[in-house]
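Peer 1: Here it is, the structure in full.
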Amino acid sequence: MRDDRWVQIAESQFAHEQAGLELVKQALPDAAPYRAWANFEFRDTRGRWHEVDLLVLTPDKLFLVELKHYRGILTGNDHLWRRNGRTEDSPLLLARRKSQYFASLLKDAIRQRGGHEAVQRIPYVQELVFLHHSEFKCELSDSSKINLFGLDGLEGRTRLPGISKALLAPARHDPISDRDSQLIAGLMKAIGLAPRRQREVGSWIIDEQPLADG
C-alpha cells in the first residue's frame, strides 16, 4: 500500500509497534477502497480523548486495530487476560468501546456535511486485536478468540487466524465504493486527528513528560 492510502499521523516510539504496522501495510493491497490511518488520537462527542493504533478501511468495514506485541501463553476469558503471571482487562473490550465512540464521531461529522441520509454511507466499525509476536500462543476458548488475530503463516503456533483473513476478506455486505472511500478520507481530515501523545504498556499508560523526577 502506497503512502497516499496509508497515513501515519505520528511515528512509533517502539520498534516492535512499527514492525507490526509494517506487517499490515505490506499485506494491504494498493487499491480502492483500502485505506489506513495509524498512530492517532481522536476526541469523541463527549470530549474524551482516545488512542488508536490503526484504522483500516476494507471493502465493507472499518477495522479499529489494537496492536499487542505479547509473548507467551494467553489464558483467561472475555473480560480478563492472564499471561506470564499477570492479569489485565481484555484489550478487545477497550477496542470495542473505542470503535463505538469513533463510529459516533464519524456519523456526527457526516451529518454536519451531508445530512442524515448520508449516515448510511458510513461502514460498520469493527474492533480487532492483532497479536503480532512470533512467540505467542492463545489458549482462550473459541468464543473468546473472536476478533483476535495473529501473524500470517503462524496459525498453527499462535492458534489464531492470520491478520489477512480479516483485512482481506471479501465484502459480505454492500461493498464500499471508491467514492465512499474518498468521502471517508475527507471525514478523517475534517475530524482533525491528533498525533498520539501517550503509549500503552500492558495496562499502564506512559506519558511523554513525567510528573516528577526521582
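Peer 1: Could you count how many residues in the stretch 145-173 are of a type in the set (Gly, Ala, Ser), in contact with a helix residue (DSSP H, G or I) (Cβ under 8 Å, 6 or more places away or on another chain) and buried (at least 18 other Cβ atoms within 10 Å of the Cβ)? Let's see the steps before the verdict.
Peer 2: Filtering the stretch 145-173 for residues of a type in the set (Gly, Ala, Ser) gives 150, 153, 156, 162, 164, 166, 169, 171.
From what's left, in contact with a helix residue (DSSP H, G or I) (Cβ under 8 Å, 6 or more places away or on another chain): 150, 162, 164.
Then drop every residue that is not buried (at least 18 other Cβ atoms within 10 Å of the Cβ), which leaves 150, 162.
Matching residues across the stretch 145-173 total 2.
Peer 1: Restricting to the stretch 19-32, and then to whatever is free of Cβ contacts under 8 Å to residues at least 60 places away in the same chain and open to solvent by less than 40 Å² (accessible area, probe 1.4 Å), can you tell me which residue is nearest to Lys61 (Cα to Cα)?
Peer 2: Within the stretch 19-32, the subset free of Cβ contacts under 8 Å to residues at least 60 places away in the same chain is 21-22, 25-26, 30-31.
Going one step further and asking which of them are open to solvent by less than 40 Å² (accessible area, probe 1.4 Å), we end up with 21, 25.
Values: Leu21: 19, Lys25: 17 Å.
Here the answer is Lys25.
Peer 1: Something else now. Could you list, in sequence order, all residues of the stretch 85-100 that are under 26 Å from Phe40 (Cβ atoms) and assigned to a strand (DSSP E or B)? Let's see the steps before the verdict.
Peer 2: So the first thing to find is which residues in the stretch 85-100 are under 26 Å from Phe40 (Cβ atoms), and the list is 88-100.
Result: Glu88, Asp89.
Peer 1: Exactly one of these conditions fails for Arg82: (1) in contact (Cβ under 8 Å) with a residue 12 or more places away in the chain; (2) charged (D, E, K, R); (3) assigned to a strand (DSSP E or B). Give me its number.
Peer 2: (1)
Peer 1: Can you name every residue in the stretch 81-128 that is in contact with a Leu (Cβ under 9 Å, 6 or more places away or on another chain), open to solvent by 70 Å² or more (accessible area, probe 1.4 Å) and over 21 Å from His50 (Cβ atoms)?
Peer 2: Arg82, Thr87, Arg113, Arg121
Peer 1: Of all residues in the stretch 150-188, which are among the β-branched types (Val, Ile, Thr) and under 13 Å from Arg121 (Cβ atoms)? I'd like the intermediate steps shown before the answer.
Peer 2: Pass one, the stretch 150-188, residues among the β-branched types (Val, Ile, Thr): 158, 163, 176, 184.
If the condition is that a residue be among the β-branched types (Val, Ile, Thr) and under 13 Å from Arg121 (Cβ atoms), then Ile176, Ile184 are the ones that fit.
Peer 1: Filter the stretch 129-144 for residues that are open to solvent by 40 Å² or more (accessible area, probe 1.4 Å) and either more than 18 Å from Glu22 (Cβ to Cβ) or part of a helix (DSSP H, G or I) (or both) and give the result. Spell out the reasoning first.
Peer 2: Here is the first cut: in the stretch 129-144, the residues open to solvent by 40 Å² or more (accessible area, probe 1.4 Å) are 134-135, 137, 139, 141-143.
Across the stretch 129-144, the qualifying residues are Glu135, Lys137, Glu139, Ser141, Asp142, Ser143.
Peer 1: Which of the residues spanning the stretch 158-179 are touching a residue at least 24 places away in the same chain (Cβ under 8 Å) and in contact with a Cys (Cβ under 9 Å, 6 or more places away or on another chain)?
Peer 2: Of the residues in the stretch 158-179, the ones touching a residue at least 24 places away in the same chain (Cβ under 8 Å) are 158, 160, 163-164, 166-178.
Answer for the stretch 158-179, where residues must be touching a residue at least 24 places away in the same chain (Cβ under 8 Å) and in contact with a Cys (Cβ under 9 Å, 6 or more places away or on another chain): Thr158, Leu160.
Peer 1: Let me ask something additional. Tally time: how many residues in the stretch 1-12 are outside any strand (DSSP E or B), touching a strand residue (DSSP E or B) at 6+ places or on another chain (Cβ under 6 Å) and open to solvent by 30 Å² or more (accessible area, probe 1.4 Å)?
Peer 2: Final tally of qualifying residues: 2.
Peer 1: Is it true that some residue in the stretch 59-76 is in contact (Cβ under 8 Å) with a residue 60 or more places away in the chain, within 19 Å of the chain's Cα centre (by Cα) and exposed (fewer than 15 other Cβ atoms within 10 Å of the Cβ)? Walk me through how you get there before you give the answer.
Peer 2: Taking the stretch 59-76 and keeping what is in contact (Cβ under 8 Å) with a residue 60 or more places away in the chain, we get 59-76.
Checking which are within 19 Å of the chain's Cα centre (by Cα) leaves us with 59-70.
Checking which are exposed (fewer than 15 other Cβ atoms within 10 Å of the Cβ) leaves us with none.
No, there is no match, as no residue in the stretch 59-76 is in contact (Cβ under 8 Å) with a residue 60 or more places away in the chain, within 19 Å of the chain's Cα centre (by Cα) and exposed (fewer than 15 other Cβ atoms within 10 Å of the Cβ).
The values are calculated or read from the model by the stated rules, or taken from the named source; none is laboratory data. No experiment lies behind these values; they were computed from the predicted model shown. Don't worry about glycine lacking a Cβ; one is built from the backbone with ideal geometry, like all the others, and counts go over all protein chains shown. Accessible surface areas use protein heavy atoms only, side chains included; no ligands, DNA or RNA. Shrake-Rupley method; radii C 1.70, N 1.55, O 1.52, S 1.80 Å.
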